[in-house]
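Engineer: After the structure tokens below, expect a handful of questions from me.
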Amino acid sequence: VYTHALPCGHCRAPGDPQASFAVESFMDMIASELELDPFQFRWMNALDEGDLSPIGEPWKAINLKETMTAAAKASSWGKPKPNKYYGVGIACAERPTGTGESSAVVIVNGDGSVNIISGSSDPGTGARTVLCQIVAEVLKVPMDRMTINLVDTDSAPYDQGAGGGRTTFVAGQSAYRAALEVKKELIASAAKVLKCPHEQAPELIDVSDGFLFLKSDPSKKISYAQAVRAVGKSQIMAEETFACNEMEDTCFATHIAEVQVDPERGYVEVKRITAAHDIGRAINPAAAEGQIEGGIIQGVGFALLEDLQRLEGKVANPTLADYKLCTALDAPEIATILIEGAPGAGPFQAKSIGEIPTCPIAPAIANAIFDAVGVRITDLPVTGEKIVAALKESGAHQRGPKSLEKEREHAI
């Protein structure tokens, strides 16, 4: 259908929040028809290691059930409700790591300091810190001896741009590989100074705190500055490119929402979100938790507030005075759980975390509302008007279709 109406959609993990809302709402609807606990029904259908995806793709490092168990244990799932109109809802999600191309330059200067140059950007995600951490871990250099230059088109190499949960994976891989190459050159230089056989140098020489030393005798060492000067240069540098055209990784998450519903007004207060995320290995746990918390707040807005209204082809609420966003006053208590162990394809076995936090929030909230008052809202945002209208149509203020607390206790 050809239309001049402005298209719109949730801006983080494009397409996935909408699909997750439909799929995860439908999962609860099926579970209700089968008189199964929603957790139990998902567990029965969750993929295990070695299973193929729904479209026949081989997925590696499947950690969905671990996120389900962690979220359930850390939340009110299966526990007595504090009052009649309190609801608890669950939703799961999966999201592939982004693809693309990125290049990075790593430089060790004559004074032993380290420069990183990358075309990647940091739109508040912590990419600047994570890239420094990756290089620091390879070269064993303190972070205060490092500088990083991002998105300078005059000096930075090519990067496809932030998006798709790709920065730590793609840009991180290019920085990781460049750091490894620089480390090789430093070790080769140190081998000459320390009188170590060149062929055996990688096995005999190690690095720590900006120094290269013999593993057999750590007192025999030289600084990075000495290693650079030993090759007659002002710096040792390497540029590496990492390109990925196929999605190599999939991350998983489970969110459990707890809500209080006022059936007279239809008002929904999100009391708590418990979010368990499969992250491979957390390079920067604080930044990862921040990504999750930010995605949750965006997801709450998507679920309850954000609605682009159009009238005769024009946007009727074009300003933030009319287009409501989630604020600090709407923010629930958030408990984040990082599930490590399933190795990712990123540096140090990391997986992406940027986009998946928004995906399960809306269905978890909608499922919690259904658990609280027994009405199913199938279009977003879930407003008070929709809840009151649905309650009037159903003819009763009931909490959920059936009480499943006993089943939930045994399902976790």
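The values are calculated or read from the model by the stated rules, or taken from the named source; none is laboratory data. A quick note: this is a predicted structure, and the numbers were derived from the prediction, not measured. So basically every Cβ, Gly included, is an ideal-geometry build from the backbone, and we count neighbours across all protein chains shown.
Engineer: Pick out the one residue from A276, A321 that is modelled with pLDDT of 95 or more and either within 27 Å of D28 (Cβ to Cβ) or not in a strand (DSSP E or B) (or both). It would help to see each step written out before you state the result.
Structural biologist: On the way: A321 fails: modelled with pLDDT of 95 or more.
Result of the check over A276, A321: A276.
Engineer: Could I ask something else about it? Starting from the stretch 331-343, take each residue that is under 18 Å from T358 (Cβ atoms) and list its partners that are of a type in the set (S, T, Y) and surrounded by fewer than 18 Cβ atoms within 10 Å (Cβ to Cβ), counting only C-beta distances under 7 angstrom and pairs at least six apart or across chains.
Structural biologist: none
Engineer: Collect the residues in the stretch 201-225 that are of a type in the set (S, T, Y) and either in contact with a helix residue (DSSP H, G or I) (Cβ under 6 Å, 6 or more places away or on another chain) or in contact (Cβ under 8 Å) with a residue 24 or more places away in the chain (or both), keeping them in residue-number order.
Structural biologist: S208, S223, Y224
Engineer: Quick one: would you say L47 is within 30 Å of Y176 (Cβ to Cβ) and either among the polar types (S, T, N, Q) or in contact with a strand residue (DSSP E or B) (Cβ under 7 Å, 6 or more places away or on another chain) (or both)?
Structural biologist: Numbers: within 30 Å of Y176 (Cβ to Cβ): yes; either among the polar types (S, T, N, Q) or in contact with a strand residue (DSSP E or B) (Cβ under 7 Å, 6 or more places away or on another chain) (or both): no.
Against the criterion (within 30 Å of Y176 (Cβ to Cβ) and either among the polar types (S, T, N, Q) or in contact with a strand residue (DSSP E or B) (Cβ under 7 Å, 6 or more places away or on another chain) (or both)), L47 does not qualify.
Engineer: Let me ask another. Yes or no: the stretch 228-235 includes at least one residue that is in a loop (DSSP other than H, G, I, E, B) and not assigned by TED's automatic domain parsing to the domain that holds E185. Don't jump to the end; show me each part of the working.
Structural biologist: Of the stretch 228-235, the ones in a loop (DSSP other than H, G, I, E, B) are 231-234.
Filter again for not assigned by TED's automatic domain parsing to the domain that holds E185, leaving none.
Taking every residue of the stretch 228-235 in turn, none turns out to be in a loop (DSSP other than H, G, I, E, B) and not assigned by TED's automatic domain parsing to the domain that holds E185.
Engineer: Does T125 satisfy the condition of being buried (at least 19 other Cβ atoms within 10 Å of the Cβ), of a type in the set (S, T, N, Q) and assigned by TED's automatic domain parsing to the domain that holds A275? Spell out the reasoning first.
Structural biologist: On the way: buried (at least 19 other Cβ atoms within 10 Å of the Cβ): yes; of a type in the set (S, T, N, Q): yes; assigned by TED's automatic domain parsing to the domain that holds A275: no.
No.
Engineer: Right, next: Taking the stretch 19-52, which residues are polar (S, T, N, Q) and free of Cβ contacts under 8 Å to residues at least 40 places away in the same chain?
Structural biologist: Our first condition is that a residue be polar (S, T, N, Q); within the stretch 19-52, this holds for 20, 25, 32, 40, 45.
The answer is N45, and nothing else.
Engineer: Which residues, counting only those in the stretch 102-145, are of a type outside the set (A, V, I, L, M) and assigned to a strand (DSSP E or B)?
Structural biologist: S102, S103, N109, N115, S118
Engineer: For residues that are hydrophobic (A, V, I, L, M, F, W, C), under 26 Å from I116 (Cα atoms) and assigned to a helix (DSSP H, G or I), tally how many sit in the stretch 194-218.
Structural biologist: First pass over the stretch 194-218, keeping only residues hydrophobic (A, V, I, L, M, F, W, C): 194, 196, 201, 204-205, 207, 211-214.
Those still in the list that are under 26 Å from I116 (Cα atoms) too: 201, 205, 207, 211-213.
Remaining after also requiring assigned to a helix (DSSP H, G or I): 201.
The number of residues fulfilling the criteria is 1.
Engineer: Out of all the residues in the stretch 76-101, which are part of a loop (DSSP other than H, G, I, E, B) and within 26 Å of Q291 (Cα to Cα)?
Structural biologist: Here is the first cut: in the stretch 76-101, the residues part of a loop (DSSP other than H, G, I, E, B) are 76-85, 97-99.
If the condition is that a residue be part of a loop (DSSP other than H, G, I, E, B) and within 26 Å of Q291 (Cα to Cα), then S76, W77, T97, G98, T99 are the ones that fit.
Engineer: Let me ask another. Can you find, within the stretch 146-166, the residue that is surrounded by the fewest Cβ atoms within 10 Å (Cβ to Cβ) among those that are outside any loop (DSSP other than H, G, I, E, B) and modelled with pLDDT of 90 or more? Talk me through it step by step, then tell me what you get.
Structural biologist: Going residue by residue through the stretch 146-166, those that are outside any loop (DSSP other than H, G, I, E, B) are 146-150, 159.
Now restrict to residues that are modelled with pLDDT of 90 or more: 146-150.
On the way: M146: 18, T147: 13, I148: 19, N149: 15, L150: 17.
Taking the candidates together, the pick is T147.
Engineer: Moving on to the next point. Run down A5, A31, A13 and say which single residue is of a type in the set (A, V, I, L, M, F, W, C), in contact with a strand residue (DSSP E or B) (Cβ under 7 Å, 6 or more places away or on another chain) and over 28 Å from G165 (Cα atoms). Can you show your working first?
Structural biologist: Details: A31 fails: in contact with a strand residue (DSSP E or B) (Cβ under 7 Å, 6 or more places away or on another chain); A13 fails: over 28 Å from G165 (Cα atoms).
On inspection, the qualifying residue turns out to be A5.
Engineer: I've got another one for you. Please go through the stretch 64-102 and give me each residue that is of a type in the set (D, E), touching a helix residue (DSSP H, G or I) at 6+ places or on another chain (Cβ under 8 Å) and under 19 Å from K351 (Cβ atoms), ordered by number. Outline the logic, then answer.
Structural biologist: Keep residues of the stretch 64-102 that are of a type in the set (D, E), which gives 66, 94, 101.
Those left that are additionally touching a helix residue (DSSP H, G or I) at 6+ places or on another chain (Cβ under 8 Å): 94, 101.
E94 - this is the single residue of the stretch 64-102 that is of a type in the set (D, E), touching a helix residue (DSSP H, G or I) at 6+ places or on another chain (Cβ under 8 Å) and under 19 Å from K351 (Cβ atoms).
Engineer: Of the residues A225, A179, A257, which is surrounded by 22 or more Cβ atoms within 10 Å (Cβ to Cβ), closer than 18 Å to N115 by Cβ and at pLDDT 95 or above?
Structural biologist: On the way: A225 fails: surrounded by 22 or more Cβ atoms within 10 Å (Cβ to Cβ); A257 fails: closer than 18 Å to N115 by Cβ.
Only one candidate passes the filter, namely A179.
Engineer: Here are E269, E293: which of them is assigned to a strand (DSSP E or B), assigned by TED's automatic domain parsing to the domain that holds A350 and under 25 Å from G78 (Cα atoms)? Explain how you work it out, then say what you get.
Structural biologist: Details: E293 fails: assigned to a strand (DSSP E or B).
The conditions single out E269.
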